[in-house]
Amino acid sequence: MGGESGMSIRSVNPENTPLLLDVMLGKLAVYLRMCGYDAVYALDRAVEADDRLLAVAETENRRLLTRDVQLAERAADGVLLESRAVVDQLRELRDTGFDLSLDEVPARCGRCNGSVERVDDGEETPEYAPDPSERAVFRCTRCGQYFWRGSHWDDVEETLNSL
């Protein structure tokens, strides 16, 4: 990885590493959010220009992830990802020391990066969601999306375990 070459691997985890992902890494943002990372995706903020990305990374103390060699070199603590496929990008991050595991209780919304809260038993949920008294259901405090540990969660966990 370009921004990481020659450096020793250090532990990178959701508690100590807010991230900013450039426009080429939208799918990766979802995986990282499911792993608990505060992972801002550039297009969610309507930020595409390199100078604006660098400003957001600096202002918000975020580590920039990018596939752009020149942008990675300009970022204070940038990580250059060389792969196009999201599984290979995850492998690159893991090899650099990123903790890529799912927590029992999700912390971030995969759609918007908002924090999530558990839905109380007896609380009304959309028709498509399970009954919260039968299965843990979570709601994003920002966008209101409901989700739970189901087949998608299992698929992501399987992908992460296969790295």
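Label-to-label distance for Asp131 and Leu43 is 3.9 nm, based on points extended 7 Å past Cα in the beta-carbon direction. Put a plus charge on the Cβ of each Lys and Arg, a minus charge on the Cβ of each Asp and Glu, and nothing anywhere else: the dipole of segment 24-163 about its Cα centre is then about 380 debye.
Counting every other Cβ atom within 10 Å of each residue's Cβ, Arg62, Arg118, Arg94 order from fewest to most as Arg118, Arg94, Arg62. Considering all different alpha carbon pairs of segment 11-95, the Kirkwood hydrodynamic radius works out to 12.6 Å.
Ordered by the count of other Cβ atoms within 10 Å of each Cβ, fewest first, Leu53, Leu71, Leu100 give Leu71, Leu100, Leu53.
Calculate, for Asp120 and Val69, the FRET efficiency according to 1/(1 + (r/R0)^6) with r their C-beta to C-beta distance and R0 45 Å; round to the nearest 0.05. Efficiency, rounded to the nearest 0.05: 0.40.
Every pair of different Cα atoms in segment 103-163 enters the Kirkwood calculation, which places the hydrodynamic radius at 12.2 Å. If one puts a single equal scatterer on every Cα of the chain and applies the Debye formula without solvent, what log₁₀ I(q)/I(0) results at q = 0.12, 0.18 Å⁻¹? At q = 0.12, 0.18 Å⁻¹ the computed log10 ratios are -0.54, -1.09. Dividing the Cα radius of gyration of segment 68-144 by 2.2 N^0.38 Å, with N the residue count, gives 1.55.
A short reminder: the numbers here are calculations on the coordinates, not readings from a lab. Computed from a prediction, not measured in an experiment: that's the story for all the values here. Cβ coordinates were reconstructed from backbone atoms using ideal geometry, including for glycine residues, and neighbour counts include every protein chain displayed.
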